[in-house]
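Remarks on the structure that follows.
The values are calculated or read from the model by the stated rules, or taken from the named source; none is laboratory data. As the structure is a prediction and not an experimental result, all values here were calculated from the model. Here the Cβ positions follow ideal geometry from the backbone for every residue, glycine too, while neighbour counts run over all protein chains shown.
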Amino acid sequence: MGRQAQAARYAPRPLTPRSSPLVACNSRTQYNERLSQTTRGCTDLYRTVADNEREKLAMVSYDELVATLEDAWVAAGLHEHALVETYTPATHERGFRAELFPEHDELLDDSTMPPWVELTFVWNAAHQMRAEGREIEHEPLDLSWTYLVLVQMNLRDRTDSELVQMFQRAVQRAMQRMFPNELGEPLFVPVDVRRVYHNNAQHQPALAQIQLVSTNLTDLLEQWNPHDMGALRRAVRREVQLASMILQSLSDTFGGRFNGRGTYRPVETA
């Protein structure tokens, strides 16, 4: 091959749109303009990816959470005797409260009232911002479970200490049934004993009712993987199932008819 042929073979070829993402430019100004266009395109691509990622991490909405809770307590054999939703415009907070009872046939009074649980939570502005995909600092989403037991007449001679121990053992048995492979130290369960007195026919105070009250909290944001939206349904179902088991165990301990079927993080009761 002659020198002229070799020179032609290895001579630099002009840039073309096929050979480079930046088409051939005749000046430094054109080069800078094309580079800027390409950079903007990459930036838009990265922004789209980031937006999609935030969308994947977006928390569920208030309505989705309520619907998931309702499905879970129906599946656990519970039903609501009261359901109240509130909205406070000044603080942009939505409140939810449901009184959940096991299924029962007869009308309820003090002698037939089974143990029941009051479920509440507050949906605030931070929760709403997270639901819309905005990045905020961790804001707990606490479900509050308040268990109430009306002590029957045959147990009213027990001391407060005895009643508290009976309540705590009932919760511990429910935890053992729910998590049989996670047995540990006995769980401390704060219980408030409330004695209600009414005036009798002689206008003297007489014991009318003994109530046992215990509250625990569940932070849902600690329970599910934000990349897996199905994890929310599983976490809620687990918490409601545990609540149903606790009600069953309390009924077995304190009497009453109940056939029901959620972590237990206690807080001090009022």
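Overview of results
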| quantity | calculated |
| --- | --- |
| Evaluation of HIS138 against (1) part of a loop (DSSP other than H, G, I, E, B); (2) within 18 Å of SER244 (Cβ to Cβ) (one fails), failing number | (2) |
| Single residue of segment 122-135 satisfying the filter (assigned to a loop (DSSP other than H, G, I, E, B) and of a type outside the set (D, E, K, R)) that is modelled with the highest pLDDT | ASN124 |
| Segment 188-205 residues that are under 29 Å from GLN168 (Cβ atoms) and assigned by TED's automatic domain parsing to the domain that holds GLN165, paired with ones that are β-branched (Val, Ile, Thr) and outside any strand (DSSP E or B) (beta carbon under 6 Å, 6 or more apart) | VAL189/VAL171; PRO190/THR269; VAL191/VAL164; ASP192/THR269 |
| Any chance ALA126 is in the same structural domain as ASP219 (by TED's automatic domain parsing), among the small types (Gly, Ala, Ser), crowded, with 16+ Cβ neighbours inside 10 Å and more than 23 Å from ARG237 (Cα to Cα) | yes |
| Some residue of segment 108-120 being more than 24 Å from ALA67 (Cα to Cα) and touching a His at 6+ places or on another chain (Cβ under 7 Å) | yes |
| Matching residues, segment 108-121, being surrounded by 14 or more Cβ atoms within 10 Å (Cβ to Cβ) and part of a loop (DSSP other than H, G, I, E, B) | LEU108, THR112, MET113, PRO114, PRO115 |
| Per-region count, segment 94-107, residues surrounded by 15 or more Cβ atoms within 10 Å (Cβ to Cβ) and closer than 23 Å to ALA76 by Cβ | 8 |
| The lone exception for ALA208 - which of (1) buried (at least 18 other Cβ atoms within 10 Å of the Cβ); (2) modelled with pLDDT under 90; (3) in a strand (DSSP E or B) it fails | (1) |
| Residue identified as surrounded by fewer than 17 Cβ atoms within 10 Å (Cβ to Cβ), assigned by TED's automatic domain parsing to the domain that holds HIS79 and over 28 Å from VAL66 (Cα atoms) among ARG134, ARG156, ARG177 | ARG156 |
| Filter pass, LEU187 being among the hydrophobic types (A, V, I, L, M, F, W, C), surrounded by 13 or more Cβ atoms within 10 Å (Cβ to Cβ) and assigned to a loop (DSSP other than H, G, I, E, B) | yes |
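Listed here are the residues, each with its yes/no results for (1) over 18 Å from LEU143 (Cβ atoms); (2) under 21 Å from the mean Cα position of the chain (by Cα); (3) at pLDDT below 80; (4) not small (Gly, Ala, Ser).
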position: PHE167; (1), (2), (3), (4): yes, no, no, yes
position: HIS203; (1), (2), (3), (4): yes, no, no, yes
position: LEU220; (1), (2), (3), (4): no, yes, no, yes
position: SER251; (1), (2), (3), (4): yes, no, no, no
